[in-house]
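Enquirer: Sending over a structure as structure tokens; questions will come in a sec.
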Amino acid sequence: MLLLDCPCCGVRGEETEFHCGGEAHITREGPASDDAAFEHYMFERVNPRGVHFERWRHVAGCGKWFHAARDTVTLEIWGTYPAQTTRPPEEVLETIRAARPGFKWRDIA
Amino acid sequence: MSDLTGPAPVPALGGAAFDGYVRIAEAPQGAMFTLRGDLSSAALKTAATKLAAVDMPEQGRVALNGERALAWMSPDELLLLAPWAEHASVVAQLDAALDDPALNWVDVSQARARFAISGPDGLVREVAAKLAPVDFSPSAFTPGSFRRSRIGQVAGAFWCPGPGRIEVVCFRSVAEYVFTLLRDAARPGSEVRLYA
């Protein structure tokens, strides 16, 4: 079971109150992009064993989207942070680096 | 606009009630409004607090004043409750006060169902805790707390007006489902005494 802290309404909720929206920090390529970049955006997702960054929505609560950094093996939550960002905040990364030295997720390490 | 010209609206289950180890009772028809917009905007704050005659609730709280209440629903949403007798006047006042297109309100009086769980405080909390993944302990869910969550499989919200009472609001279309869940949770003999 995941216990997520919604950064929008401050509620600590259990995962059935939320809905996962898939991988976070995806650059959405537009019509001007080349085929390779668009394919990468459209189809290529990581499915890591370990540290992962995801989008979540507080469906049964405030209804807002946010980001969560978690471990897909141990179900630890490293932190939740607002949706209005393209990169995890440094303090969340510090927490992960301390717990999982040398972790790498896409270009984030 | 049959809701303006037809007979006065009735609650979804006709005021159903069940006496188990706590009492589950459907609340009489009230007026309920969803207000959306920037909660720091003076126009929205003034209109909402004036109509409910309360101070602005903090995050996760409800400000209660008899049959009137103002609840913090999300960073850009408030829920305003008033007696049905004031429905027309609240509609008129909201219409006049919220003329900014970025501030929205909608009348949800007939889109919701409300229930009250009442009885011994520990048992009331326990019945709510059976149905929602929320910490209903007296230290976490204090009087004035407002919490949106799920009730069984549907969305709902809980608030605590005071010891021995928890109020529940859900969509009217699932009123019977929620009442059945509450009734089942309050069935005599199913006491857990979690907070006793």
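The values are calculated or read from the model by the stated rules, or taken from the named source; none is laboratory data. Everything quoted here is computed from the prediction, not taken from an experiment. Neighbour counts run over all protein chains shown; Cβ positions are idealised from the backbone, glycine included.
Enquirer: Considering only region A:38-48, I want to know if a residue exists there that is within 11 Å of the chain's Cα centre (by Cα) and modelled with pLDDT of 95 or more.
Expert: no
Enquirer: Looking only at region A:69-109, count every residue that is in a strand (DSSP E or B) and under 30 Å from B:Leu78 (Cα atoms) and tell me the total.
Expert: Qualifying residue count for the region: 6.
Enquirer: So, one more: Looking at (1) surrounded by 15 or more Cβ atoms within 10 Å (Cβ to Cβ); (2) touching a residue at least 60 places away in the same chain (Cβ under 8 Å), which one does A:Val46 not meet, given that it meets all the others?
Expert: Condition (1) is where A:Val46 drops out.
Enquirer: To continue, here is another question. Using beta carbons and a limit of 6 Å, which pairs, at least six apart or on different chains, have the first residue in region B:26-38 and of a type in the set (Phe, Trp, Tyr) and the second one not in a loop (DSSP other than H, G, I, E, B)?
Expert: Cβ pairs passing all conditions: B:Phe33/B:Leu80; B:Phe33/B:Trp105; B:Phe33/B:Asp107.
Enquirer: While we're here: Tell me whether region B:15-29 contains one or more residues that are touching a Lys or Arg at 6+ places or on another chain (Cβ under 8 Å), at pLDDT 95 or above and either within 17 Å of B:Glu86 (Cα to Cα) or among the β-branched types (Val, Ile, Thr) (or both).
Expert: The answer is yes, given that some residue of region B:15-29 is touching a Lys or Arg at 6+ places or on another chain (Cβ under 8 Å), at pLDDT 95 or above and either within 17 Å of B:Glu86 (Cα to Cα) or among the β-branched types (Val, Ile, Thr) (or both).
Enquirer: Show me the strands (runs of 3 or more DSSP E) entirely contained within region B:87-196 in which 2 or more residues are away from chain A (no Cβ under 14 Å), closer than 19 Å to B:Glu26 by Cβ and in contact (Cβ under 8 Å) with a residue 12 or more places away in the chain.
Expert: B:112-118, B:154-162, B:165-171
Enquirer: Name the residue that is farthest from A:Phe18 (Cα to Cα), counting only residues in region A:64-84 that are among the hydroxyl-bearing types (Ser, Thr, Tyr) and in contact (Cβ under 8 Å) with a residue 60 or more places away in the chain.
Expert: Ranking the qualifying residues of region A:64-84, first place goes to A:Tyr81.
Enquirer: For B:Ala71, state whether it is within 29 Å of B:Ala42 (Cα to Cα) and touching a residue at least 24 places away in the same chain (Cβ under 8 Å).
Expert: yes
Enquirer: If you don't mind, there's one more thing I want to ask. Could you please give the count of residues in region A:1-35 that are surrounded by 12 or more Cβ atoms within 10 Å (Cβ to Cβ), closer than 19 Å to A:Arg87 by Cβ and more than 14 Å from every other protein chain (Cβ to nearest Cβ)?
Expert: Here the count works out to 6.
Enquirer: Restricting to region B:39-52, count the residues that are of a type in the set (Gly, Ala, Ser), touching a residue at least 12 places away in the same chain (Cβ under 8 Å) and not in a helix (DSSP H, G or I).
Expert: Count: 1.
Enquirer: If we scan region B:62-80, do we find a residue that is surrounded by fewer than 16 Cβ atoms within 10 Å (Cβ to Cβ), away from chain A (no Cβ under 12 Å) and assigned to a helix (DSSP H, G or I)?
Expert: Taking every residue of region B:62-80 in turn, none turns out to be surrounded by fewer than 16 Cβ atoms within 10 Å (Cβ to Cβ), away from chain A (no Cβ under 12 Å) and assigned to a helix (DSSP H, G or I).
Enquirer: Let me ask another. Considering each of A:Gly102, A:Gly79 in turn, give the residue that is out of contact with any Lys or Arg (no Cβ under 8 Å at 6 or more places or on another chain), more than 28 Å from B:Val134 (Cα to Cα) and away from every other protein chain (no Cβ under 14 Å).
Expert: Every option except A:Gly102 fails the conditions.
Enquirer: With respect to A:Thr95, determine if the residue is surrounded by fewer than 13 Cβ atoms within 10 Å (Cβ to Cβ), out of contact with any Cys (no Cβ under 8 Å at 6 or more places or on another chain) and more than 14 Å from chain B (Cβ to nearest Cβ).
Expert: No.
Enquirer: Filter region A:36-68 for residues that are outside any strand (DSSP E or B) and within 14 Å of chain B (Cβ to nearest Cβ) and give the result.
Expert: A:His58, A:Val59, A:Ala60, A:Gly61, A:Cys62, A:Gly63, A:Lys64
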